Amino acid sequence: MAIKVKDAVRAALQRNAFTANLPIEIKTKGHIVVLKGEVDSHELIFEALATAESVSPLLDVRCRLKVRQPNAGSTDSSTETAAV
C-alpha cells in the first residue's frame, strides 16, 4: 500500500504546475506521508501540502519542507556598497 500512496502523491505533485518541478522527497509509512525538501517560498510549501492532502482525506500528511535560504556567501550587486 505504501508504494501506491507514494506514487499517488508523486503523481498529484507532478500534475500541479506549481509543484511539478520541485525537489520534494516523499516518504510513506501506512497512511502517513512526509514531504521533505527545500523550495523557494512559503506559498510553494502550502501548495505542495494541499496537493498531497488532496490525494485522500484518510492520509496524514506531514510537512518537513523548508524555504531555501539565499546563499550567505554571494553578493548582490544591487545592494553592494563601496567604502568611501
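The numbers here are math on the coordinates, done by the rules we state, and not lab data. The structure presented is a predicted model; accordingly, all values stated were derived computationally and were not measured.
Projected over every direction and averaged, the convex hull enclosing the alpha-carbon atoms of the range 2-67 yields 3.6 nm².
A simple rule links phi to the HN-Hα coupling: the Karplus curve 6.51 cos²θ - 1.76 cosθ + 1.60 with θ = phi - 60°, which for the range 33-47 gives 10, 10, 9, 10, x, 10, 10, 7, 7, 5, 4, 5, 5, 4, 5 Hz, with x for Gly and Pro. Here the Karplus curve 6.51 cos²θ - 1.76 cosθ + 1.60, taken at θ = phi - 60°, turns the phi angles of the range 14-27 into couplings of 6, 6, 7, 4, 7, 10, 4, 10, 7, x, 9, 8, 10, 10 Hz, with x standing for Gly and Pro. Residues whose amide H lies under 5 Å from that of GLU38, counting only those 5 or more places away or on a different chain, are LYS66; hydrogens are built 1.01 Å from N in the peptide plane. Sequentially through the range 49-63, phi angles give Karplus couplings (6.51, -1.76, 1.60; θ = phi - 60°) of 4, 5, 5, 5, 5, 6, 5, 7, x, 8, 7, 9, 8, 10, 9 Hz, Gly and Pro residues having no value and appearing as x. Residue separation of LYS29 and ARG62 scaled by 0.36 nm, minus their Cα-Cα distance, works out to 10.7 nm of gained length.
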